[in-house]
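J.: Have a look at this one before I ask anything.
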Amino acid sequence: MDTAAFVYSDFLARFDYGDDHPFKPIRAKNTMELCNRHGLLYSRGVSRPEPQPAASEDLTLYHTSEYLGILRRASAGEHDIEILTAGIGTPDCPALAGVYEFSRYVAGATLAAVDLVDSGEAARAFNPVGGLHHGFPNHAEGFCYINDVGIALRRLLGRGRRVAFVDIDAHHCNGVQHGFFDTDQALIISLHEFEEGFYPETGRVDEIGVGNGKGFTVNVPLLKKSDDEIYVEIFERIVPPLLEAYRPDIVVAEIGADTMISDPLTGLRLTSNGYEAVVKRLCECAPRLAALGGGGYDIHRTANCWTLAFGAMAGIEPEDEFAGLVGGMMYGGELGGLHDMKILTKGPEKEAALQYARQNAETIEKTVFPMLGAKTA
């Protein structure tokens, strides 16, 4: 069995949302090159499978046939009010030629990742272009034309697997939550920035599911300026106990790097150090892990973080053979490698962010933990 698989396609990495659009699939190629540079891709136990596009029927695991027809028409260059009503043709989700084929490839890469870990061919797999967690069954939003997370979870559930989804992206997984809010078939956990006006303005701590799903949605909102110390403390307090209680067969994770201090679209203040600590802990907690890229709009720092993440998945410490040579700082953090300097929030902003995070963690421990039989850390 391979330890880790890096699921990669040049077709996915080359897809272009436009010069002025913040979502850059080229991050996947940057990450692959950086993983190669740091000795991760050709180590024993590591594979690099190339995905195939998902079948059209795979997309209907989460999306309506009507919406997929609209997406196909937009992909072919059509423009009408029905397409715009479905969220396509907006600044976030422009009407792009070939976007239906791109969406099929994203879903195919994510399904390849979950199939590899489900079959036992790999313990962990990573699709850096996956994690389109804002897509809804009948419309696009938040840069996401489909929801490959929802498709993958439905496939695993159809096989009788017990699954959990852990999202450490800075934005709340509103599309995924929508699909599983009323069911106990999957555990959905999201840590995310939250404030009025910050997209998508969902994911409050009291959103814990309804009906049979009550207690199976866990939202951990964080204030902007939350740093490594806050994030790691709250992650450790919430995620490992819940996964231990729920005992999933497979964990699907969204490991977006838009939590970084330099990200232009968000207000959290993590560095690559806190990010790596969280991903390593997630690898320890998950029996089998399929990881998806998600957000990250400082593309160089995102490549750094995803390289550290894949190193954690493969159980290999990244080593740059070219450190100190010309070009050695191309993707490096402040210390010249993948790691950043320690940067922490201070003063009243730190106290406010810490108090808010701890209050939300306490609320989850009092409400959700007893429902799932979880023990406080």
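J.: Can you work out the accessible area per residue across the range 40-137, with the rest of the protein chains kept in place, probe 1.4 Å, in square angstrom?
T.: On the way: 3860 Å² over 98 residues.
It amounts to 39 Å² per residue over the range 40-137.
J.: Okay, next question. Ignoring ligands, DNA and RNA, what percent of the 1.4 Å accessible area of the range 19-66 is carbon and sulfur?
T.: Accessible surface attributable to carbon and sulfur in the range 19-66 totals 45 percent.
J.: What are the DSSP H helices in the chain that stretch 18 Å or more along their long axis, judged by alpha-carbon atoms, and whose average Kyte-Doolittle hydropathy comes to at least -0.5?
T.: Values: long enough: 99-119 (29 Å, 0.67); 228-246 (26 Å, 0.33); 272-285 (20 Å, -0.17); 299-314 (22 Å, 0.55); 347-372 (36 Å, -0.57).
Span-like helices in the chain: 99-119, 228-246, 272-285, 299-314.
J.: Between Asp249 and Thr376, what is the spin-label point distance in nm, taking each point 7 Å from the Cα along the Cα→C-beta axis?
T.: Roughly 3.5 nm, to one decimal.
J.: Give me the one-decimal nm value for the distance between modelled label points at Lys342 and Leu84, 7 Å along each residue's Cα-to-Cβ direction.
T.: 5.4
J.: From the residues Leu111, Gly179, Ala314, which one has its Cα farthest along the dipole of the chain in the positive direction, the dipole being from +1 and -1 charges on Cβ of Lys/Arg and Asp/Glu about the Cα centre?
T.: Ala314
J.: Here's a follow-up. Please give the FRET efficiency for Glu121 paired with Asp16, using the beta carbon to beta carbon distance and R0 = 30 Å, rounded to the nearest 0.05. List each step's numbers first, then the result.
T.: Numbers: r = 32 Å, r/R0 = 1.06.
It comes to 0.40.
J.: Hey, what's the range 138-279 come to in accessible area per residue, 1.4 Å probe, Å²? Each step should come with its number before you reach the end.
T.: On the way: 4110 Å² over 142 residues.
Accessible surface, normalised per residue, equals 29 Å².
J.: Hey, got the dipole for the range 161-259? About the Cα centre, +1 on K and R Cβ, -1 on D and E Cβ, debye to the nearest 20?
T.: On the way: 8 positive and 19 negative charges, 91 e Å.
Around 440 debye, computed over the range 161-259.
J.: Using alpha-carbon pairs under 8 Å, 6+ residues apart, how would you state the relative contact order of the chain in percent? Working shown, then result.
T.: Values: 852 pairs, mean separation 70.8, N = 377.
Averaging sequence separation for qualifying contacts and normalising by length gives 19 percent for the chain.
J.: Do any chymotrypsin sites (Phe, Trp or Tyr not before Pro) in the range 11-61 lie in a loop, going by DSSP, with at most 15 other beta-carbon atoms within 10 Å of their beta carbon, and if so which? All intermediate terms of the calculation are to be shown ahead of the outcome.
T.: Details: sites: Phe11, Phe15, Tyr17, Phe23, Tyr42; in loops: Phe15, Tyr17, Phe23, Tyr42.
Listed in order of number, the matching sites are Tyr42.
J.: Then there is this: Go through the range 268-319 and name the trypsin sites (Lys or Arg not before Pro) that are in a DSSP coil and have 10 or fewer other Cβ atoms within 10 Å of their Cβ. Present the calculation step by step, with values, prior to reporting the outcome.
T.: Details: sites: Arg269, Lys280, Arg281, Arg288, Arg301; in loops: Arg288.
Passing sites in the range 268-319 do not exist.
J.: Another question, if that's okay. Using θ = phi - 60° and the Karplus curve 6.51 cos²θ - 1.76 cosθ + 1.60, what whole-Hz ³J(HN,Hα) does each residue of the range 8-23 get, with Gly and Pro shown as x?
T.: Using θ = phi - 60°, the values come out as 9, 9, 4, 4, 5, 5, 7, 5, 10, 7, x, 4, 8, 8, x, 7 Hz.
J.: Roughly how many nanometres apart are two label points built 7 Å out from the Cα toward the Cβ at Ala97 and Glu317?
T.: 5.0
J.: Let me know the charge dipole size of the chain about its Cα centre in debye, to the nearest 20, where only the beta-carbon of Lys, Arg (+1) and Asp, Glu (-1) is charged. Provide the component values of the computation, followed by the final result.
T.: On the way: 33 positive and 53 negative charges, 169 e Å.
Taking the Cα centre of the chain as origin, the dipole is about 820 debye.
J.: Based on the mean of other beta carbon atoms within 10 Å per residue, what is the order of 30-40, 48-58, 67-77, most packed first? Intermediate values should be presented prior to the final figure.
T.: Details: 30-40: 21.7, 48-58: 16.4, 67-77: 18.8.
My ranking of the peptides, most packed first, is 30-40, 67-77, 48-58.
J.: Of the heavy-atom accessible surface of the range 80-137 (probe 1.4 angstrom), what whole percent is carbon and sulfur? Write out the running numbers ahead of the final one.
T.: Numbers: 980 of 1690 Å².
About 58 percent, which is the carbon plus sulfur part of the accessible surface.
The values are calculated or read from the model by the stated rules, or taken from the named source; none is laboratory data. Please read all numbers here as calculations on a predicted model, not as lab measurements. No Cβ is skipped: glycine too gets one built from the backbone with ideal geometry, and neighbour counts run over all protein chains shown. All accessible areas refer to the heavy atoms of the entire protein, side chains included, with ligands and DNA or RNA removed. Shrake-Rupley method; radii C 1.70, N 1.55, O 1.52, S 1.80 Å.
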